[in-house]
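Working notes for the structure below.
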Amino acid sequence: MNLQSDININNIKKGLYAVSTPIGNLGDITYRALEILRKSDYILCEDTRVSKKLLSKYNINSNLISNHKFNEKKNVQKIVEILKTGKIVSLISDAGTPAISDPGKILINECVKNEINVYPCPGPSAVCAAVSISGFSDQYYFYGFFPEKNEKIHKDLKILSRLDCSIVFFVSAKKISRVIEPIKKYFSDREIVICKEISKFYEEYQRSNINELSDFEITLKGEITLVISQIKINKNVSKNLSESDKKKIKQFIKKLTIKEITNLISEGSDISKKKIYNYCLKLKNEK
């Protein structure tokens, strides 16, 4: 991959930019993001009061438009018309990457329909930040926020529990206690990291086996990121040889040594080498 070594702000293309902003520490923003925001004719903000703190810190005075989940449908045509005149418009959320469990998808899809260029300006993401320090598999499924209805929570978690990868959720601090029991029910014995205040002064990461989770007694604030580990394999519990495995061993028994067969069958399997070895011996002794 060839990397561009500098930022030529005069060459910013016209269109919509999805600009990632800090998820906590205001220092976590890229040079390119700041330059694009400064060059933007308009910045679409989830909450202008929140965004002004960041923009004021970096002396960015672009025009702001309030664009949140309650008015984004109403705004979309007006913004598309602005973009059609060749303006540069940036889309930001209160924190992190826009359109990821935040407003933005409606506008982006409308831009695609109207053949208006849409560009990402990568940066902070609570999902990537949480997975990176989890110690779990880097293959992960991002779910987002839990649904409101308990029936839907149980239905979705039952399906997700079959995935053998890390799974990432967002949850409001006020609602975390209500999802503890469903998580314990469907993800028994997997590991979990509870990420609070990522990159802020009071950031905290609680690691636990899911079976040991309990309701939170302290009052939490803001949004929490949960990372559940891949399926935990109990190495002390060994599967039995399947008929398919036995058939393979019978085919190999005259051509390979017992050690070679044992290594071959056990590779990528939960069957203990001892079971494979003993079965090979049994076949040898029957001859």
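We did not get these values from a lab; they are worked out from the coordinates using the rules stated. Here the structure is a predicted model, which means the values were calculated and not measured. Cβ: placed from backbone, ideal geometry, glycine included. Neighbour counts: every protein chain shown.
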query = What list of ³J(HN,Hα) values in whole Hz, one per residue of the stretch 82-97 in order, does the Karplus curve 6.51 cos²θ - 1.76 cosθ + 1.60 (θ = phi - 60°) give from phi, with Gly and Pro shown as x?
reply = 4, 5, 5, 7, x, 7, 9, 10, 10, 10, 10, 10, 4, 7, x, 9
task = Find out how many positive minus negative residues lie around Ser93, taking Lys and Arg as positive, Asp and Glu as negative, among other residues whose Cβ is under 12 Å from that of Ser93.
result = -4
note = Taking every DSSP bridge whose two residues both lie in the chain, the antiparallel percent to the nearest 5 is 45 percent
request  = Within 10 Å, count the other beta carbons around each residue, average over each peptide in 280-286, 55-61, and list them highest first.
outcome  = 55-61, 280-286
task = Compute the separation of the alpha-carbon centres of the stretch 51-111 and the stretch 145-189 and state it in Å as a whole number.
result = 30 Å
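Could you put Thr48, Thr97 in order, starting from the residue whose Cβ has the fewest other Cβ atoms within 10 Å?
With the sparsest Cβ surroundings first, the list reads Thr48, Thr97.
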query = If R0 is 51 Å, what FRET efficiency do you get for Ile106 and Lys282 from their C-beta distance, rounded to 0.05?
reply = 0.20
request  = Could you tally the net charge around Ile133, taking each other residue with its Cβ under 12 Å from the Cβ of Ile133, Lys/Arg +1 and Asp/Glu -1?
outcome  = -2
ask   = Peptides 111-119, 138-146, 31-39: what's the order by average Cβ count within 10 Å, highest mean first?
value = 31-39, 138-146, 111-119
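Divide by every residue of the chain the summed helix terms, -39500 (n - 2.57) for each DSSP H run of at least 4, and state the resulting mean residue ellipticity at 222 nm, rounded to the nearest 500 deg cm²/dmol.
So the helix-based figure for the chain works out to -11000 deg cm²/dmol.
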key: Hull volume in cubic angstrom per residue (convex hull over the Cα atoms of the chain)   = 207 Å³
key: Antiparallel bridge percentage (DSSP; both residues within the stretch 1-114; nearest 5)   = 10 percent
Extreme residue, positive dipole direction of the chain, given options Ser172, Tyr141, Ile65 (C-beta unit charges) = Tyr141
request  = Could you size up the charge dipole of the chain around its Cα centre, putting +1 on the beta carbon of Lys and Arg and -1 on that of Asp and Glu, and report it in debye to the nearest 20?
outcome  = 1280 debye
query = What ranking, highest mean first, results for peptides 80-91, 194-205 when packing means the other Cβ atoms within 10 Å averaged over each residue?
reply = 80-91, 194-205
Student exercise, the stretch 9-124 dipole from Lys, Arg, Asp, Glu Cβ charges, in Debye to nearest 20 = 240 debye
query = Which ³J(HN,Hα) values in Hz, rounded to whole numbers, follow from the phi angles of the stretch 201-206 under the Karplus curve 6.51 cos²θ - 1.76 cosθ + 1.60, where θ = phi - 60° and Gly and Pro get x?
reply = 4, 9, 4, 8, 10, 9
